[in-house]
Structure formats: structure tokens, C-alpha cells
There are 2 protein chains.
Amino acid sequence: MNTSVNVPVRGPLVAIGGAEDKSHDAHILKRVLDFSGKSAPVVGVITTASAIPKDVFGGYQEGFSALGASKVLDIRVRDRSDAEADTFVAMIQQADVIFISGGDQMRLTNIFGGSKALRAIRARHAEGAVVAGTSAGAACQSTTMIYGGPADDSLRKGAVKMTAGFGFVDGVIIDTHFLERGRFSRLMEVGATNPDHLGVGLGEDAAVLFEGDTIRAFGPGHVILIDSSAITGSNVFDLEDGEAVTVHNVTMHALIDGYGYSLSDRRVLLPHELEANSLEPKNAYS
Amino acid sequence: MNTSVNVPVRGPLVAIGGAEDKSHDAHILKRVLDFSGKSAPVVGVITTASAIPKDVFGGYQEGFSALGASKVLDIRVRDRSDAEADTFVAMIQQADVIFISGGDQMRLTNIFGGSKALRAIRARHAEGAVVAGTSAGAACQSTTMIYGGPADDSLRKGAVKMTAGFGFVDGVIIDTHFLERGRFSRLMEVGATNPDHLGVGLGEDAAVLFEGDTIRAFGPGHVILIDSSAITGSNVFDLEDGEAVTVHNVTMHALIDGYGYSLSDRRVLLPHELEANSLEPKNAYS
């Protein structure tokens with residue numbers, strides 16, 4: 001369906017599984033800066049999802065500065081009027097990396113949905129800027145996003161709460177803190193409701209780069225992919241809300257740094273297959 | 001490989017995912033009694049796994065009596081000399097249902113391994129008695145058992161601690177509290193180390209009956225099956241201890257009450273397929 005010429009249509013998109021405050025995660029944040037292709041990028045930090053934006057911004061300001069950012073902008077959008085404000089739009093327009101913090105993804109979509117600020121993010125992304133997010137800032141990136149659901153047994157009809165996300169990436173549903181909070185049953189329930197979308201479960205200290213129809217894993221944690229496209233049966237449409245869901249023949253993959261996945265071929269890509277077609281910028285972290 | 005005549009070679013074997021103290025779980029314990037085929041069975045409770053055997057026994061004494069047991073025997077084996085004692089062997093010999101409580105499965109194998117009491121359990125099972133266990137009492141039933149491993153990310157070489165179990169059932173590895181504690185990564189790691197064994201992840205308030213090469217799910221919770229027999233790749237043999245494991249093309253099923261699985265065919269059995277060949281005793285709970 002793509003043309004044979006591989007034209008980059010926009011900048012890199014990165015989703016991180018959370019816990020980015022841990023020191024060893026600097027590896028992931030360094031990669032995020034490197035994807036900009038600039039040695040001293042301007043980073044804009046969106047803390048809208050968080051209830052403690054000042055603290056969260058302070059942490060990232062220190063972290064990104066230490067990693068070589070020339071400027072770290074505080075895009076402190078707290079309500080829908082902020083999301084229309086020229087001052088924040090101007091910050092977005094000058095950012096080489098737009099980083100979306102964790103918190104509650106419903107705050108992100110509720111406050112940014114349909115706003116000038118969101119249009120500015122899309123425009124900057126189309127121009128080649130990096131868009132990256134962690135935890136809520138990752139979950140919001142898919143066209144349909146998860147915003148709630150118990151980890152202990154989400155294989156109940158209606159247990160996983162979903163709504164429209166920002167749609168920075170199609171064909172996937174992103175979940176975070178995936179291994180740490182045991183969220184496997186959330187993506188199994190989502191896969192039963194619509195087997196077309198690949199579940200991307202990001203562990204803490206794990207990240208993916210979305211690049212065309214390829215997903216690349218990086219960071220020390222695990223990326224779990226839950227592919228329901230070949231399921232042979234499920235009772236989900238027969239149930240009342242809260243009843244237990246069955247699902248048969250879900251396919252699962254556990255990836256680590258260096259591995260990838262082809263969304264069009266629905267298969268794992270090994271490190272040597274990815275190296276042959278590297279996206280790394282010339283000044284990439286090695 | 002089996003003969004065409006379906007001769008029962010021993011009594012029913014039941015594994016329960018834990019949380020059997022919850023009131024709605026009486027459904028599961030009632031089924032366990034019904035599997036004995038007796039209207040007022042003698043139940044022997046083994047509390048060896050628990051650090052508070054008196055409390056645990058008291059709870060089951062009350063529960064099983066209320067459900068119709070004629071006698072509930074306190075098989076309070078606390079050390080290896082108890083496991084050789086004639087008094088406990090005699091209790092096992094008169095039990096129609098031998099029920100193994102939760103706690104630490106390592107206490108079970110350490111204290112019962114190679115003992116007269118364990119031989120008596122096997123003999124009684126071969127005569128047709130029900131053997132059932134919950135949590136640690138379920139985990140111990142497989143030939144190789146899990147006794148430890150972090151839930152947050154067990155996809156690390158060596159993270160899952162295993163040793164020889166009682167071997168009441170072959171070809172499976174049993175894990176419990178599976179959805180509630182997010183233990184999916186434990187059975188994925190185990191599957192990578194040996195794809196031959198089916199991972200049986202029992203949620204709380206979920207149970208399975210092992211019957212020949214068929215697994216039948218019952219109870220209100222979920223049974224998750226993790227089948228690694230078709231995995232196409234894993235790095236596990238290349239790693240040092242603690243390094244992150246990849247595994248590709250794991251197959252997963254979520255079953256509820258009424259569904260089953262054929263170990264020989266490696267496929268889910270639907271309720272109507274199981275009804276055609278029911279194991280229910282004539283006086284079964286309905």
C-alpha cells in the first residue's frame with residue numbers, strides 16, 4: 001500500500017513504559033534526544049497529565065539539560081484555555097523534541113483534544129520533530145487509548161476503559177507499566193473486542209520507536225506484543241458487562257532492545273534484519 | 001498413544017488458583033467434594049505449606065463440614081518425621097478427598113519428598129480418591145514446580161525458581177494467583193526454557209480438573225494457558241543469569257468455567273465438546 005520510495009513523512013514517535021525517573025533510564029531519554037538528529041536540541045515538556053507539574057518539569061529540566069538539551073521549555077498547559085494560548089503554541093513550534101510526561105491520559109485528551117496546541121504538535125511532528133511520551137504520555141499516542149481497567153482481572157467484558165487517543169500511530173493499542181502491574185489481561189480483553197489492533201505492552205524502562213510499519217524496541221526493559229489477529233474464538237459478544245471473557249489462540253512476543261516487529265507482516269524482526277535498514281541518525285547514541 | 005478403552009487410572013486431580021477463603025469460592029470446594037462421588041466424603045486436609053496450620057485447618061474444617069463432609073481430618077504434618085508417622089498415613093488412607101492448603105510449596109516438597117505419607121497419597125489417588133490443592137497446594141502438583149520469581153519482570157534468565165514437584169500431573173507447569181499477581185512473564189520464561197510443557201496459570205477463584213490429557217476449567221475466575229510449543233525463537237540459551245529474555249510466537253488462551261483443553265491436540269475444547277464426554281459423577285453439583 002506504500003509507495004516504493006521510502007519518504008519519511010514525519011519525525012520519530014517514541015512511547016516509553018514509565019518509571020523514566022530511574023537513573024538507568026537516562027539511556028532511553030538520551031536516545032529520545034538523539035532521534036532529533038541535533039547535538040543540542042530544544043526540548044518542550046508537556047506535564048498536563050500530571051497533578052504535580054512543577055516537580056515533574058523540574059526533574060525533566062535537570063535530566064534533559066544534563067543529557068545535552070540546549071533549552072528545556074515548560075509547556076505547562078493546565079486547562080483548555082491554555083491549550084489555545086499562543087505562548088504555548090510558540091514553545092511547541094520551536095521544540096525539536098516534544099516530550100509528554102506521565103500522569104492521567106484522560107487529562108491529556110480532555111485538555112488537548114481539538115486544540116491549537118495539539119494541531120501545533122502534529123504540525124511540528126510532520127516537520128520532523130520527535131514526539132515522545134512516557135506512561136500516560138505513551139498511552140495517549142494510539143488512535144484508541146486505554147485509560148483504565150483493573151490489572152487483577154481485566155478479562156471481563158467492559159473492564160478495560162477506552163476512548164479516542166491522539167492518533168499519532170495507527171493499528172496499535174499502547175499500555176504501559178505492563179509487566180510491573182501485570183496488565184496482560186487488559187490487552188487480551190482489548191484484543192478480543194477488536195483483533196485488528198496489535199497490543200503493545202511496554203514494561204518500565206522499555207521503549208519503542210514507531211517508524212512506518214516497523215516497531216523497534218529499546219531500553220533495558222521488555223516490550224510485550226499481544227497479537228489477537230489469529231484468534232479462533234471468543235465469547236465476548238455474547239456477554240453482559242462484567243462477565244468473564246474467553247479468548248483462544250492469542251499470539252504473544254517478548255522483545256528486548258534491538259528487536260523489532262513488522263506490523264504489515266505481523267512478525268518479529270531480529271536485530272540483524274533491523275540493522276540492515278537503520279533509522280539511527282548520524283550522531284546517534286552508541 | 002493411549003489404548004482405546006478409557007480406563008480411569010486414578011482419582012480426580014484438581015488445582016485451584018488460590019483465595020479459596022472467599023465465600024463465593026464455596027462453589028469450587030463443593031465441586032471438589034462432588035468429584036469424590038460420595039454424598040458425605042471424608043476429607044483430609046494437609047496444611048504443611050502454611051505457617052499457621054491451626055487457623056488454616058479451622059477454616060477448612062468449617063467450610064468442608066458445611067458442604068457435607070462426614071469428617072475433616074487434620075493431617076498436620078510439620079516436619080519429615082511427621083511424614084513418616086503411621087497416624088498421618090492412616091488418615092490419608094481413609095480420606096476420600098485429600099486437600100492440600102496454600103502457603104509455601106517448598107515446605108511441601110521438602111517435608112513430603114520421598115516420605116511414607118507421599119506414597120500413601122499416591123496410593124490413595126490410584127485407588128480413586130480426589131487429590132486437590134490450592135495455591136502452593138496446586139503449584140506442587142506438576143513434575144517440575146515453580147517456587148519463586150518476581151511478578152514484575154520474570155523474563156530474565158534464572159528469575160523463575162524451579163525444582164521437582166510431586167508429579168501428580170505430567171506435561172504442565174502450574175502457577176497460581178496468576179492474573180491477580182500478574183505472573184504471565186513467569187510462565188513465558190518457563191516456556192522459553194522448555195517449550196514442551198504447557199503453562200497453566202490459575203487465577204484466584206479458578207480451578208482445573210486434570211483428566212487424562214484433558215484439562216477442564218471451572219469456577220468463576222480465569223484459567224490462562226501459555227503454550228510455548230510453537231515458539232520460533234528465543235535468546236535464552238545465549239544469556240547470562242539476569243539478562244532479559246526474548247521469546248517469539250507464544251500462544252495464549254483464556255478459559256472460563258465449562259471450557260477445556262486437549263494436551264495431546266494442543267487446542268481449546270469448547271463446552272459442547274466436553275459435555276459429550278462428561279466426567280461428572282452422578283451426584284455432581286449442578
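The values are calculated or read from the model by the stated rules, or taken from the named source; none is laboratory data. Everything numeric in this text was worked out from a predicted model, so none of it was measured. Cβ atoms come from the backbone with ideal geometry, glycine included; neighbour counts cover every protein chain shown. The protein model used for the area step is the full one, side chains on, heavy atoms only, and it has no ligands, DNA or RNA in it. Shrake-Rupley method; radii C 1.70, N 1.55, O 1.52, S 1.80 Å.
Observations, loosely collected:
- For A:R122 and A:R266, the FRET efficiency from 1/(1 + (r/R0)^6), where r spans their Cβ atoms and R0 equals 25 Å, is about 0.35.
- Shortest-first distances to equivalent copies, position A:K116, nm, label 7 Å out along Cβ: 8.8
- Solvent exposure of the protein assembly as shown, expressed per residue, is 39 Å² of accessible area, with all protein chains present and a 1.4 angstrom probe.
- List of region A:201-228 residues, accessible area with partners at least 20 Å² below that of the chain alone (1.4 Å probe): A:P220, A:H222
- Applying Stokes-Einstein at 4 °C and 1.567 mPa s to the Kirkwood radius of chain A, computed over alpha-carbon pairs, gives a translational diffusion coefficient of 68 µm² s⁻¹.
- Cβ-derived FRET efficiency at R0 25 Å, A:A26 paired with B:D152, nearest 0.05: 0.75
- Within the assembled protein chains, the solvent-accessible surface assigned to A:D86 is about 110 Å², based on a 1.4 Å probe.
- Near A:A129, the amide H atoms lying under 5 Å from its own belong to A:G11; only residues 5 or more places off or on other chains count, and H is placed 1.01 Å from N.
- According to the Kirkwood relation over distinct C-alpha pairs, the hydrodynamic radius of region B:44-103 is 11.6 Å.
- For region B:220-225, Karplus couplings with θ = phi - 60° (6.51, -1.76, 1.60), whole Hz, Gly/Pro x: x, x, 9, 10, 9, 10
- Per residue of B:237-249, other chain Cβ atoms within 10 Å of the residue Cβ number 4 on average.
- The accessible-area loss of region A:182-198 on complex formation, taken against its chain alone with a 1.4 Å probe, reaches 40 Å² or more at A:F184, A:M188.
- What separates the A:F237 label point from its copies, with the point 7 Å along Cα to Cβ, is 4.4 nm, written shortest first.
- Whole-percent pair-distance distribution, where bins are 5 Å wide, for the alpha carbons of region B:74-149: 3, 17, 27, 29, 18, 5, 1, 0
- In summary, the protein assembly as shown shows an alpha-carbon radius of gyration equal to 1.08 times the 2.2 N^0.38 Å reference for compact globular proteins.
- Sorting A:T232, B:T193 on solvent-accessible area from highest to lowest, probe radius 1.4 Å, gives A:T232, B:T193.
- Sulfur and carbon atoms: percent of accessible area, chain A [1.4 Å]: 50 percent
- A:S65 label point (Cα plus 7 Å toward Cβ) to equivalent points in the other copies: 7.1 nm, shortest first.
- Taking amide H as placed 1.01 Å from N in the peptide plane, the amide H of A:D175 sits under 5 Å from that of A:V200, A:G201, A:L202, each at least 5 places away or on another chain.
- Using a 1.4 angstrom probe on protein heavy atoms only, the contact between B and A buries about 2600 square angstrom of accessible area, both sides summed.
- Extending 7 Å from Cα along the Cβ direction at A:F237 and again at B:T163 yields two label points whose distance is 5.1 nm.
- Between the listed residues A:A207, A:S234, A:A151, the Cα displaced farthest toward the positive end of the dipole of chain A, a dipole computed from Cβ unit charges relative to the Cα centre, is found at A:A207.
- The H on the amide N of A:G148, modeled in the peptide plane, is under 5 Å from the matching H of A:K161, each at least 5 residues off or on a different chain.
- The calculated Kirkwood hydrodynamic radius for region A:178-278 is 14.3 Å, given to one decimal from all distinct C-alpha pairs.
- Nearest chain A C-beta to the A/B rotation axis, reported as residue and distance in angstrom, is A:G182, 1.
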